[in-house]
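Data first, discussion second: the structure below is written as structure tokens.
A short reminder: the numbers here are calculations on the coordinates, not readings from a lab. These figures come from a predicted structure and were not determined experimentally. Using ideal geometry, Cβ is built from the backbone for each residue, glycine included, and neighbour counts are taken over all protein chains shown.
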Amino acid sequence: MTTIKNINRRSMLRGAAIATVATPAIIGKGIAAGAVNWRVQSHWPKASSSFTDSLGVLAAALEERTDGAFKLELFGAGEFAKGPDIYNLVRKGVVPMGTLSPSYIQDKAQAASFLYGIPGTFRESWEAQHAAKNLGLEAMVNEELIPDGVLLMSEKAYPTEMVVSKDIKSAADFQGLKIRSSGTMLDYLAAAGAAPQYIPGSELYQSLSSGVVDGAHWGAAVGAQSMSLWEVCKYHCKPALGFTIDAFIVNVDQLEDLDDDMKSAITDLMEIRFFRRSAEYMHKEAIALSEGIANENVQVITLPDDVLAMLAEASSNILATEAERGEIATKAADVYTGLMKDLGYT
């Protein structure tokens, strides 16, 4: 079996350079050798738009590209594992592939929080995409994950926006608000006086409808719409808390066991899909929010200035704290500070 040290990451990540409008089918020795069937454990519930629009589209494209020789069997959140448990499921090879938020693996890679997104920093989707792929955040995460037996590839960049069950007109209204969150967003919201807590996506609607939490972020408008969050949370908060990245993860040994054409088929498609899906997502965000306002009586509210001021201070503190996690984290923080300086944000 090929060892992790023999992995050619340049080959794995070359897909963006060969993206085409229509990816042709691959005919090669891998396909001739027989079918490949991979089980994929998603962190998205089947109700989430990304289960279909991200994972479902990838599975269909992979099957088409390989003339039906490479198929993905998709499992919604909790069918084998959910949330942070998905990483170990893939690392151990119980399933070859999964999806997750980089916020789930902050203890596995110093740059994971930066790939997930430091709240209150980037303001546009392209900035998060550029930092992940071109400025090296994804590669920094893989410096630590690949030796652990897992390859991560970014799936999309998207905004993170809260929905809440009550209007927020002042910092006093924000105090103690129970918000479903994850990763560095937990610290971010807590610094402004909220009471954030992590809840898996599969339990989110029930937690909101029963009053366990007062609000949540699951992406932004698309997530709120697909997960029916607006049914119980009519207030949609602006501005975005930040821009976040979701990710595919793959068991390295099982990826390396594939013939080269099969390996290229899936890694090239994941690379291509990142940029296409990120752009598509922002278009669907606009549509979803318009539909929510028109059809579900959603009210868009702007967080008060006193709350935004506390969040801004929290952002600086989180960035500085995360930079202290180690040498790789320091390099990741430099990506943020350099890009934000170039953009005139600091």
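Just a few scattered comments:
- Net charge, E327 excluded, C-beta distance under 12 Å - Lys, Arg +1, Asp, Glu -1: -2
- Percent of beta bridges antiparallel (DSSP, the chain, rounded to nearest 5): 55 percent
- Which label in (1) 19.7, 61; (2) 19.9, 65; (3) 22.6, 70 gives the computed Rg and Dmax of the Cα atoms in Å: (2)
- For the stretch 247-311 versus the stretch 106-176, the gap between their alpha-carbon centres in whole angstrom: 11 Å
- For the stretch 71-130, the percent of C-alpha pairs falling in each 5 Å distance bin, counted from 0 to the bin holding the largest distance, reads 4, 16, 22, 20, 15, 13, 8, 1.
- Qualifying GluC sites (Glu not before Pro) in the stretch 120-164, DSSP loop, other Cβ atoms within 10 Å at most 15: E124
- Summed side-chain charge close to K178 - residues other than K178 whose Cβ falls under 12 Å, Lys, Arg +1, Asp, Glu -1: +1
- Put a plus charge on the Cβ of each Lys and Arg, a minus charge on the Cβ of each Asp and Glu, and nothing anywhere else: the dipole of the chain about its Cα centre is then about 240 debye.
- DSSP H segments from the chain that extend 20 Å or more along their own axis, Cα-based, with Kyte-Doolittle mean of -0.5 or above: 260-295, 305-323, 327-342
- Proximal charge balance of L289 [Cβ under 10 Å; K/R count +1, D/E count -1]: -1
- Relative intensity, log₁₀ I(q)/I(0), of the stretch 283-346 from a Debye sum that treats every alpha carbon as a point, q = 0.19, 0.21 Å⁻¹: -0.85, -0.88
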